[in-house]
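Below you'll find the structure, written out as structure tokens, and then a few comments.
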Number of protein chains: 2
Amino acid sequence: MADLAARICVPCTVHTLPVPREQRAALLADLDPAWSLVEDRLLRRVIRHRDFAGPLAMAQRIGALAQESGHHPDLHVHWGRLIIEFTTHAIKNLSEADFVMAARVDRLLAES
Amino acid sequence: MADLAARICVPCTVHTLPVPREQRAALLADLDPAWSLVEDRLLRRVIRHRDFAGPLAMAQRIGALAQESGHHPDLHVHWGRLIIEFTTHAIKNLSEADFVMAARVDRLLAES
């Protein structure tokens, strides 16, 4: 997980290559088991809390991490849960940056 | 709009009454025209930005307002837009609190 999180996020363009399907399982295995592949085009993790303040604060921290990294998730803040989704919109598919960012989120949560 | 925003948010329970359908148009008319009724069970407003930081910061401010008011939206933070949704989950329908909170969000945005 540490190695994946440490990789450099190259800015994504329409020319960014998707991660080949046969490599996705190996990258997913490096992430927290809470991540799942959705329709083979996005990475999703749900974090449960018993309030609204927790998901809101966590969204802020993950958002700040995304700003530093230049690769942004969709963050869905609900009472009781935060849903984090990474995909590479430029190619409507998963690029390495999505897995790198997921690993960085795992590191952030582990430090919390 | 000012009157609606100033109404007291009564905590919602399964016994909270939904706003009668014939009253919804009148309440909606008191809100910013950007609000729309979705499937007659939730209020949605989309705010567009040209970055990720704007939606993230706005989610934080609206989230803090919701915490003060005790009635919480779903906040969907994307690069380029924030989607705000109010519904009363306890009754799976729209209560007056949803319209009151939408009016408070309008007031917050007008002050920005």
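The values are calculated or read from the model by the stated rules, or taken from the named source; none is laboratory data. A quick note: this is a predicted structure, and the numbers were derived from the prediction, not measured. Here Cβ is always computed from backbone atoms with ideal geometry, including for glycine, and neighbour counts include all displayed protein chains. Calculation scope for accessible area: heavy atoms of the full protein, side chains included, ligands and nucleic acids excluded. Shrake-Rupley method; radii C 1.70, N 1.55, O 1.52, S 1.80 Å.
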Accessible area, probe 1.4 Å, largest first, for residues B:D30, B:D3, A:D74: B:D3, B:D30, A:D74
1.4 Å probe accessible area per residue over the protein assembly as shown, in Å²: 51 Å²
Modelled FRET efficiency - R0 45 Å, A:V14 with B:H15, Cβ distances, 0.05 increments: 0.30
Summed buried accessible area for A+B [probe radius 1.4 Å, Å², rounded to 100]: 1400 Å²
Relative counts (whole %) of C-alpha pair distances in chain A, using bins that are 10 Å wide: 15, 50, 30, 5, 0
Solvent-accessible surface (1.4 angstrom probe) belonging to A:T87, in square angstrom, nearest 10: 20 Å²
Cα-centred dipole magnitude for chain A, charges only on beta-carbon of K, R (+1) and D, E (-1), debye, nearest 20: 220 debye
Table column - 3J(HN,Hα) (Hz), the range B:43-48, Karplus curve with 6.51, -1.76, 1.60, x for Gly and Pro: 9, 10, 9, 10, 10, 9
Positive-end residue of A:P20, A:I62, A:V100, charge dipole of the range A:2-111 with Cβ unit charges: A:I62
Chain B - percent relative contact order, Cα under 8 Å, separation 6 or more: 38 percent
The protein assembly as shown - charge dipole about Cα centre, Lys and Arg +1 at Cβ, Asp and Glu -1, debye rounded to 20: 80 debye
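Could you tell me what percent of the accessible area of the range A:1-102 is made up of carbon and sulfur, with a 1.4 Å probe and every protein chain present?
Result for the range A:1-102: 55 percent of the exposed heavy-atom area is carbon or sulfur.
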Distance between the range B:15-30 and the range A:42-64 - C-alpha centres, whole angstrom: 31 Å
Inter-probe distance in nm under a simple model that places probes 7 Å from Cα toward Cβ, at A:I91 and B:A110: 4.7 nm
